[in-house]
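The values are calculated or read from the model by the stated rules, or taken from the named source; none is laboratory data. Note that the structure is predicted; figures quoted are calculated from it, not measured. Heads up, the Cβs are rebuilt from the backbone with ideal geometry, glycines too, and the neighbour counts pull from every protein chain shown. Heads up: the accessible areas ignore ligands, DNA and RNA and are worked out on the full protein's heavy atoms, side chains in. Shrake-Rupley method; radii C 1.70, N 1.55, O 1.52, S 1.80 Å.
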Amino acid sequence: MKLTEVLQAGRKIFSFEFYPPKTEEDARRLFDTARELKALDPDFVSITNSSSGSIPYRTVALSGVLKAELGLETVAHLTCVAHSRAEIKEICLRLKAMGVTNILALRGDIQNVQGIPVRRDYHYAAQLVADLKKAGDFSIGGACYPEKHPEAATLEEDIARLREKVDAGAEYLITQLFFDNDFYFRFLERTAAAGINVPILPGLMPLTGYKQMQNLTQLMKVSVPAAVRAGLERWAGDKESLFRFSVDYASAQARDLLARGAPGLHLYTLNRSRAAIAILKNVKGGPAAA
Ligand code: FAD
């Protein structure tokens, strides 16, 4: 089913992001995770596309396999940096053959591709979106950044570019993760004022540690509130308490987002199920999280 149809249905939607495994052990863990999360009846799972390109088409293959074997609705991430125009054409044929009808079109992470030849048929995601629209009957989404994309000079400029991506055919947007919901709600106001009227699904991720937080703040320029920093510092030596703290924080964020009108939640899982299950149980009011 096309994601746009799901979003138009008007109910809250829940989704998970996975990345393609690199080893057999990773693959086994991902399939265990996917099976466990399938039990929560997600509306879709999305599969990232590595810019390092060591094993081409892993995203495409995994999108097909998770759909065929587990019956999950899959969204394949495709990037400008990983694929040439000719490859994109071929990938679209493969996705169609596997019944995958959803694509998240991205430029891709440039810092991942040092030393690897970067495809430059497309420079920006909007160009890829436009080509994918021509390629056939896909529902196309794009990325957005409530705190501004790190390379954009201003949020206004970034939103103007985002409008071009939506005008090119992006039918929904998924946000970069954030830890302060005010960024999301201010972003909704500003994108609406700029004429962007597609659903904007908030992306959430429970932090697993202080080092991960430093990566986020340095590379992705995501702000981390003092309360989150304090929690990560306080529980640095106690894995279980750290897990609880992160899940509780993300659950409170998720409840607030949904209560204030967000169309659903997209959880960055890092291929692990425990935090995602705990957050959704907290949000949906199920039994206490394990
Ligand atoms: P774009 O929309 O192309 O924007 C990139 C920058 O260029 C922005 O600063 C924008 O303002 C600017 N810009 C856009 N158009 C123009 C123009 N015409 N002229 C000048 N400037 C312009 N990365 C991966 O490698 N693989 C993944 O699977 C992946 N999945 C992601 C999923 C989500 C939900 C998110 C939020 C990000 C994901 N990323 C992924 C990271 C993403 O690829 C990077 O953040 C990348 O730097 C930007 O991608 P984009 O699609 O937002 O780019």
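Worth pointing out:
- Projecting the Cα atoms of Asn181, Cys92, Tyr210 onto the charge dipole of the chain, computed from C-beta unit charges around the Cα centre, puts Cys92 farthest toward the positive end.
- Annotation: peptides 78-90, 169-181, ranked by per-residue average of other Cβ atoms within 10 Å with the highest first, follow the order 169-181, 78-90.
- Estimated at the nearest 10 Å², the accessible area of Arg244 is 100 Å² with a 1.4 Å probe.
- An oblate overall shape is assigned to the range 174-290, the ratio a/c of its alpha-carbon gyration tensor axes (a ≥ b ≥ c) being 1.5 or greater and a/b not exceeding b/c.
- Net dipole in debye of the range 3-279 [+1 Lys, Arg Cβ; -1 Asp, Glu Cβ; about Cα centre; nearest 20]: 220 debye
- Residue among Glu73, Glu147, Glu164 with the largest mean-square fluctuation in a Gaussian network model of the chain, springs linking Cα atoms under 10 Å: Glu164
- Looking at the chain, the accessible area is 46 square angstrom per residue; that uses a 1.4 Å probe and ignores ligands, DNA and RNA.
- The simple Förster model, with R0 at 30 Å and r as the Cβ-Cβ distance, assigns Asp167 and Lys2 a FRET efficiency of 0.95.
- Rounded if a/c under 1.5, otherwise prolate or oblate - the range 142-213, Cα gyration tensor axes: prolate
- Taking a straight Cα-Cα cut-off under 20 Å and skipping sequence neighbours fewer than 8 places away in the same chain, the lysines within cross-link reach of Lys96 are Lys2, Lys67, Lys133, Lys134.
- Percent of beta bridges antiparallel (DSSP, the chain, rounded to nearest 5): 0 percent
- Counting only protein heavy atoms and using a 1.4 Å probe, the accessible area of Ile47 comes to about 0 Å².
- One way to sum up the overall shape of the range 3-279 is the equivalent ellipsoid from its Cα gyration tensor, whose semi-axes run 27, 23, 19 Å, largest first.
- FRET efficiency, 1/(1 + (r/R0)^6) with R0 30 Å, evaluated for Arg234 and Asp41 via beta carbons: 0.30
- Within straight-line reach of Lys148, meaning a Cα separation under 22 Å, sit the following lysines at least 8 residues removed in sequence or on another chain: Lys165, Lys221.
- Over the range 1-110 - Rg/Rh using Cα atoms and the Kirkwood inverse-distance radius: 0.96
- Whole-Hz ³J(HN,Hα) from phi, Karplus 6.51 cos²θ - 1.76 cosθ + 1.60, for the range 4-10, glycine and proline x: 4, 5, 5, 5, 6, 5, x
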